[in-house]
Amino acid sequence: MLDGNRKKKTYSKKIKRLRRGIVITVVAACLIPTCICIILSVRYDRLNAKYKQSTADLEWYRQRYGSELSILSAMQPDEDAAGAAGSDLGAETGGFEQDYADVDTSGAQNPEDIEGTRYVYLTFDDGPSIYTEEILDILKENDVKATFFVCGKPDAKYVNAYKRIVEEGHTLGMHSYSHKYSDIYASLDSFKEDFDKLRIFLYETTGVWAKYYRFPGGSSNAVSKVDIKELENFLEGTDATFYDWNISAKDDKAGNTKESIYANIVDNVPKFKHCIVLMHDAADKRSTVDALPDIIRDIKAMDDTVIVPITDNTLPVQHIK
Ligand SMILES: [Zn+2]
């Protein structure tokens, strides 16, 4: 009898263990795929949001630059213009390169310079974009301040980027509200209108009354129907200063790579005492973001060289004098 009872107990224990095993297996079989589904759907949502953001950004660029290229080719059918029209997305640096040899862009000397110190100003045009936050992260990790010449993008998704630029100690500069050359440079009035719109928009978004300006295409652009001198006078009257550049990443040129962007900047820094470096913060400029950490590291490693944001003490590099 005792043996029988013991056997029964052992069986019931075994059955209980078996049941527990089955329950655990069933629960695990349900839970694991559910968890995987949840993780995948979250990732899908994130990627989808990013994809939508990129598409919207590219659309923004197409709207502004697509027509610009046709305007440029229509206005300048000669060979010189091919340089301007041929540069990718809006001929940002086209005019500059033609004029570069004739213009003294060796870099203005800051009266407060410490003898022997080289100042490098990293500037980013055209933002905010899907990459602004990442650029800001890189700058933060490297404890570097830069200058952002931004456009007017009222979309809620960019509010944080504008604010972070200011909160994290970078300089917020202006680069036109619309970045649409055909509108901005059509007349002095249209330039003024665009300028005021951006300044007010930035003030309402960040509380900063911006005072540094970069002309779309630079002051040496060949697109403006208004004499750049007139636009300069207007800027002066509004207490704004414009900054061109003496080093270009050439990240708006077709075929640029992380390596070419790095070389265009780092190889040229030793040539100037004041380096105003042109880069772009735009949805189609991934290579610029990829090159940035190495650029910062290697500029910082140069003797007597500092990376600083544009301030009132920065005398501008200007292509047109
Ligand atoms: Zn631009």
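Please treat every number below as a calculation from the coordinates, not as lab data. Treat the numbers as computed from the prediction; the structure is a model and nothing was measured. All Cβ positions, glycine included, derive from the backbone under ideal geometry; neighbour counts span all protein chains shown.
In table form, for the structure just shown:
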| item | result |
| --- | --- |
| Asp125 long-range amide H proximity, modeled H, under 5 Å | Phe149, Met279, His280, Asp281 |
| Those lysines that a straight Cα-Cα span of less than 19 Å connects to Lys8, excepting residues fewer than 8 apart in one chain | Lys16 |
| Virtual spin-label span in nm between Glu204 and Thr25, 7 Å along Cα→Cβ | 6.5 |
| Estimated FRET transfer efficiency when R0 is 51 angstrom, pair Glu167-Asn5 (beta carbons, to 0.05) | 0.10 |
| Residues with amide H under 5 Å from that of Met174, placed H, sequence gap 5 or more | Val150, Tyr212, Tyr213, Arg214 |
| Cα gyration tensor, region 219-321 - rounded (a/c under 1.5), prolate or oblate | oblate |
| Of Lys140/Lys197; Lys145/Lys225; Lys145/Lys273; Lys273/Lys300; Lys140/Lys163, those spanning more than 26 Å from alpha-carbon to alpha-carbon | Lys140/Lys197; Lys145/Lys225 |
| At most 14 other Cβ within 10 Å, DSSP loop - chymotrypsin sites (Phe, Trp or Tyr not before Pro), region 202-275 | Trp209 |
| Long-range HN-HN contacts of Ile276 with modeled amide H, under 5 Å | Tyr121, Asn246, Ile247 |
| Cα gyration tensor shape of region 115-156, rounded if a/c is under 1.5, else prolate or oblate by comparing a/b with b/c | oblate |
| Convex hull of Cα atoms in region 96-307, direction-averaged projection (nm²) | 11.6 |
